[in-house]
Amino acid sequence: MTFSPQLEERFAKMLQAYPEGKKRSAVVPMLIYAQDETGAVTPELIEEVAKRCEVTPLQVDEVVGYYSMLHRKPQGKFHVQVCTSISCMLVGGTELYDQACKKLGVGHKQTTADGVFSLEEVECMGACSWAPCVEVNYDYHHNVSPEKFDALIDGLRKAQ
């Protein structure tokens, strides 16, 4: 499997940072960067990361199964995550997630038919002081009301 020259360079630097026998430490960041470029963690990607990190494909597959930020199927151009853990729930996180489902017309881990949005209900994002929290790709949005959510989605639709 080949990646862009920029990602190949990043992987090479990353693997050089770990001593012999410890390259397995690069599995998670390598999966995240590769997923960003390829769109999903495929069996082929798992094989490639295993080879580069000197671990078995099963070990990489177990990592993919554990971390919720790793996805086996492509996500939308804008991957929307809504926190519904206790801090967010207490200030409207559950209602915000319901609004997201209604606004986008999809549910948990689903993608809109046009491939523009995917939605995921998640646990704590570590932004409890600014709850409820929404993350779109890697951008955090704090103190999100249903109205702010609608405006955010409308703005993303216009920007694409």
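Quick one: in the range 42-85, which of the residues that are touching an Asp or Glu at 6+ places or on another chain (Cβ under 7 Å) and farther than 30 Å from Asp98 by Cβ is surrounded by the most Cβ atoms within 10 Å (Cβ to Cβ)?
Selected residue: Ile46.
Assess whether Glu123 counts as being outside the structural domain of Asp36 (by TED's automatic domain parsing), touching a residue at least 24 places away in the same chain (Cβ under 8 Å), of a type outside the set (S, T, N, Q) and under 15 Å from Gly76 (Cα atoms).
no
For the range 29-84, enumerate the residues that are aromatic (Phe, Trp, Tyr) and within 28 Å of Leu156 (Cα to Cα).
Tyr33, Tyr67, Phe78
Looking at the range 70-79, can you tell me whether even one residue there is of a type outside the set (Gly, Ala, Ser), in contact (Cβ under 8 Å) with a residue 60 or more places away in the chain and closer than 21 Å to Glu123 by Cβ?
Checked the range 70-79: at least one residue is of a type outside the set (Gly, Ala, Ser), in contact (Cβ under 8 Å) with a residue 60 or more places away in the chain and closer than 21 Å to Glu123 by Cβ.
Yes/no matrix, rows are residues, columns are (1) closer than 18 Å to Leu31 by Cβ; (2) in the same structural domain as Lys22 (by TED's automatic domain parsing); (3) touching a Leu at 6+ places or on another chain (Cβ under 9 Å):
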| residue | (1), (2), (3) |
| --- | --- |
| Glu47 | yes, yes, no |
| Thr84 | no, no, yes |
| Val91 | no, no, no |
| Gly107 | no, no, yes |
| Ala113 | no, no, no |
| Ala127 | no, no, no |
| Val134 | no, no, yes |
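The values are calculated or read from the model by the stated rules, or taken from the named source; none is laboratory data. No experiment lies behind these values; they were computed from the predicted model shown. No Cβ is skipped: glycine too gets one built from the backbone with ideal geometry, and neighbour counts run over all protein chains shown.
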